[in-house]
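A.B. asks: Below are the structure tokens for one structure; questions will follow.
The values are calculated or read from the model by the stated rules, or taken from the named source; none is laboratory data. What you see is a predicted model, and the numbers here were worked out from it, not measured in a lab. Counting neighbours? That spans all protein chains shown, and the Cβs are built from the backbone with ideal geometry, glycine included. Side chains included, ligands, DNA and RNA excluded: accessible areas come from the protein's heavy atoms. Shrake-Rupley method; radii C 1.70, N 1.55, O 1.52, S 1.80 Å.
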Amino acid sequence: MKEPVFITPRKILSRAICMQRLAHAYLLAGGNEPLRAQSLKELSMLLLCDSPTDTAVKGQESFLRPCSRCTSCIKVKGGIHPDLIEISPLGAFIKIEQIRRLQEQVKFSPLEGKRRVVVINQVERMHPSAANALLKLLEEPPTHTHLLLSSGSISILLPTIVSRCQVLRLSTASFSEEYVSEISSKTGRGPSEFLRFLVEYLSIQDEEKLSLAFEIRDRIIKFLISENKSLSFIETGSFLWNSPESVQLALEVARTLTRDLLLISGKTLKTTNKKGNKQDLVMHQDIVPLLGQLAERTNYDTLVGYEKRISSARKMAERNVKPEMIADFILAFWLKKSNCMLGT
Ligand SMILES: [Zn+2]
């Protein structure tokens, strides 16, 4: 089979500049944090550079490179370019206030050059309200402004955001598709987006740990479906108390399940992907019927509330709070909510 040709994000942007067809929003995905940071800096420099250089090789397509010497390049390198706005999570989230401030900033023309660049790091950590505000910005992009969103994994982002961006993939040679399918046949779990998420985003390569992640998912689903929440609470909780590792995985499982439930319940998603099939965007595709049942029994606000609870639990984990306390914290939410679930 012929190897697909990998075109770097810089080359894609270079082509767009030359053809005067720059998109308003790009999403840089894949790779690791340092690689993405390096790439974002290079792309910002290229977009803002006063005189990009042409790296023509005879007989080949030429690509632009930032010159590294002009005032703009130097200011980008120093992190002081007034037309480069950078947003990162404040604490657990990118907050609504940060996006509101951005909305104000982009109303005006760029200060020094012909373009403005907005870098948003770790888009997966957007608070739902901030994500909604960002969607508005993506729907009606301000002139002269180009957004560079960045995330380790596309699969955990709201599809409405992804569908409004041109995706630029960083090469992650170490995690090939072949590796994911090899792992999936070893663990007996289909090559779902969830498996890809575990391997690529959480960098889990250990088969035992991958199986544990799936077992935790099965147990959490069983708990959510259960008619007798109090009994199931003890069963599920005591399984998670075993180790901080189990609780860490449970947090990721809970986060991705909540994302899928929000997706299926549909209120957050006014649009679907290009094929018009919302189900394709679900990460836990192998259990869609079960998720459908759960989505019917709960409501949007409850799910948003649960997303917040998971973020708080992640902070607890960072502070080394005992795993059993964290496990209780993420499960107890549903004990209280069980009245509004289970078809009552
Ligand atoms: Zn330059």
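A.B. asks: Just how large is the dipole of the chain about the Cα centre, in debye to the nearest 20, putting +1 at every Lys and Arg Cβ and -1 at every Asp and Glu Cβ? Mind showing how you got there, number by number?
C.D. replies: Values: 47 positive and 37 negative charges, 236 e Å.
Its charge dipole is roughly 1140 debye.
A.B. asks: Right, here's the next one. What order do TRP334, TRP241 take when sorted by accessible area (1.4 Å probe), most exposed first?
C.D. replies: On the way: TRP334 10, TRP241 105 Å².
Output order, biggest surface exposure first: TRP241, TRP334.
A.B. asks: Go ahead and set up a Gaussian network model of the chain, Cα springs under 10 Å, then flag whichever of ALA295, ALA254, ALA16 fluctuates most.
C.D. replies: ALA16
A.B. asks: What residues have an amide H closer than 5 Å to that of THR145, excluding those fewer than 5 places away on the same chain, when H is modeled at 1.01 Å from N in the peptide plane?
C.D. replies: For THR145, whose amide H was placed from the backbone, the distant partners under 5 Å are ARG116.
A.B. asks: A further question on this structure: Tell me the accessible surface of VAL282 in square angstrom (1.4 angstrom probe, heavy atoms of protein chains only), to the nearest ten.
C.D. replies: Counting only protein heavy atoms, the figure is 0 Å².
A.B. asks: Sticking with this one: When we measure straight from the Cα of LYS308, which aspartates and glutamates land under 14 angstrom away, once same-chain ones fewer than 8 places off are left out?
C.D. replies: Cα-Cα hits under 14 Å: GLU124, GLU252.
A.B. asks: Separate question: Using only the alpha-carbon atoms of the chain, report the extent along each of the three principal axes, biggest first, to the nearest angstrom.
C.D. replies: The principal-axis extents, from largest down, are 68, 49, 41 Å.
A.B. asks: Shifting gears a bit: Using the scaling law 2.2 N^0.38 Å as the reference, what is the normalised Cα Rg of segment 78-167? Walk me through the intermediate numbers first.
C.D. replies: Values: Rg = 12.6 Å, N = 90, 2.2 N^0.38 = 12.2 Å.
So the Cα radius of gyration is 1.04 times the expected 2.2 N^0.38 Å.
A.B. asks: Roughly speaking, what is the stretch gain from GLU97 to MET19, that is 0.36 nm per residue apart minus the C-alpha to C-alpha distance, in nm to one decimal? Spell out each step's value before the answer.
C.D. replies: On the way: separation 78, 0.36 × 78 = 28.08 nm, distance 3.56 nm.
Between GLU97 and MET19, full extension yields an extra 24.5 nm.
A.B. asks: Here's a follow-up. Hey, can you list the DSSP H helices of the chain whose Cα span along the axis is 18 Å or longer and whose average Kyte-Doolittle score is at least -0.5? Let's see the in-between values first.
C.D. replies: Working: long enough: 33-48 (22 Å, 0.28); 207-225 (27 Å, 0.27); 244-265 (31 Å, 0.53); 300-318 (28 Å, -0.77); 323-337 (22 Å, 0.69).
Those that clear 18 Å and a mean of -0.5 are 33-48, 207-225, 244-265, 323-337.
A.B. asks: Using alpha-carbon pairs under 8 Å, 6+ residues apart, how would you state the relative contact order of the chain in percent? Let's see the in-between values first.
C.D. replies: Details: 455 pairs, mean separation 55.8, N = 344.
With pairs under 8 Å counted, the relative contact order is 16 percent.
A.B. asks: Continuing with the same structure: With Rg and the Kirkwood Rh both taken from Cα atoms, where does Rg over Rh land for segment 177-337?
C.D. replies: Values: Rg = 15.6 Å, Rh = 16.3 Å.
Reported Rg/Rh, Kirkwood definition of Rh: 0.96.
A.B. asks: If you wrap segment 122-258's Cα atoms in a convex hull and average its projection over all directions, what's the area in nm²? Walk me through the intermediate numbers first.
C.D. replies: Working: hull surface 41.2 nm².
Average projection, Cα convex hull of segment 122-258: 10.3 nm².
A.B. asks: If you plug each phi of segment 106-116 into the Karplus form 6.51 cos²θ - 1.76 cosθ + 1.60 with θ = phi - 60°, what whole-Hz ³J(HN,Hα) values come out, in order, with x for Gly and Pro?
C.D. replies: Residue by residue, segment 106-116 yields 7, 5, 9, 5, x, 7, 10, x, 8, 10, 10 Hz.
A.B. asks: Please sort by residue number the trypsin sites (Lys or Arg not before Pro) in segment 57-149 whose DSSP state is loop and whose Cβ has at most 16 other Cβ atoms within 10 Å. If you can, show how the numbers build up before the last one.
C.D. replies: Details: sites: LYS58, ARG69, LYS75, LYS77, LYS95, ARG100, ARG101, LYS107, LYS114, ARG115, ARG116, ARG125, LYS136; in loops: LYS58, ARG69, LYS95, LYS107, LYS114, ARG115.
For trypsin sites (Lys or Arg not before Pro) across segment 57-149 that sit outside H, G, I, E and B with at most 16 neighbouring Cβ atoms in 10 Å, the list reads LYS58, ARG69, LYS107, LYS114.
A.B. asks: Cα-Cα over 32 Å: which of LYS209/LYS229; LYS41/LYS107; LYS136/LYS336; LYS41/LYS322?
C.D. replies: Table pairs above 32 Å Cα-Cα are LYS136/LYS336; LYS41/LYS322.
A.B. asks: When the Kirkwood hydrodynamic radius is evaluated over all pairs of different C-alpha atoms of segment 9-169, what value in angstrom, to one decimal, is obtained?
C.D. replies: Values: mean 1/r = 0.0623 Å⁻¹.
Answer for segment 9-169: a Kirkwood hydrodynamic radius of 16.0 Å.
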